[in-house]
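Single-structure report; data block below.
The values are calculated or read from the model by the stated rules, or taken from the named source; none is laboratory data. All values derive from a computational prediction rather than experimental measurement. Note: ideal-geometry Cβ built from the backbone for every residue, glycine included; neighbour counts use all protein chains shown.
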Amino acid sequence: MLVPLDIQHKTFKSAVSGYNKQEVHEFLAEVEKDFSQLYRENKELQEKLSKLTEEVSRYRATGTQLQQALTLAQKTADELKDSARRESELILADAKSKAEVVTNESKQNVRVIKNAYLEFKGEFRAYLTTFLNLLDNMDSSLVGKIPVKDKEEEQLPQDQDNC
């Protein structure tokens, strides 16, 4: 590719019926001036293009990193939700299991208390029956041995029986 200095230092051989040297030099000067300007603009545009290309690359890299970060964040959120769901299911299962144990223990305690009550009731009934039989036996054995004085005294033991 030509550079402005190539145009500036270009020399031509003279010929007998050649061009006017002054016009050629003026034209070459104008061409060199325009070419220099175009060459600088081209260099500036190439530098700009290079910088913009680098920026685009950085933005693409940043976009890719952001996309990866978003994907990772979504994956992490999904994993946390799954973990929380599993943990809640475990807690619920554990609570149900403990509730079942407590319920079974309570039912067993109720059976034990009911059996103890029935046993106590039976023993108490037997004790009362024995006690009443003892009283009846005492009454029958004492009736003939204790003299009755009057009617008021006879009613007194009967009144006591009603109590």
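Yes/no matrix, rows are residues, columns are (1) at pLDDT 95 or above; (2) of a type in the set (D, E, K, R); (3) loosely packed, with under 11 Cβ neighbours inside 10 Å:
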residue	(1), (2), (3)
GLN8	no, no, no
GLN22	no, no, yes
GLU32	no, yes, no
LEU38	no, no, no
GLU41	no, yes, yes
LEU45	yes, no, yes
THR62	no, no, yes
THR71	yes, no, yes
ALA77	yes, no, yes
Residue that is farthest from LEU2 (Cα to Cα), among those in region 12-54 that are part of a helix (DSSP H, G or I) and hydroxyl-bearing (Ser, Thr, Tyr): THR53
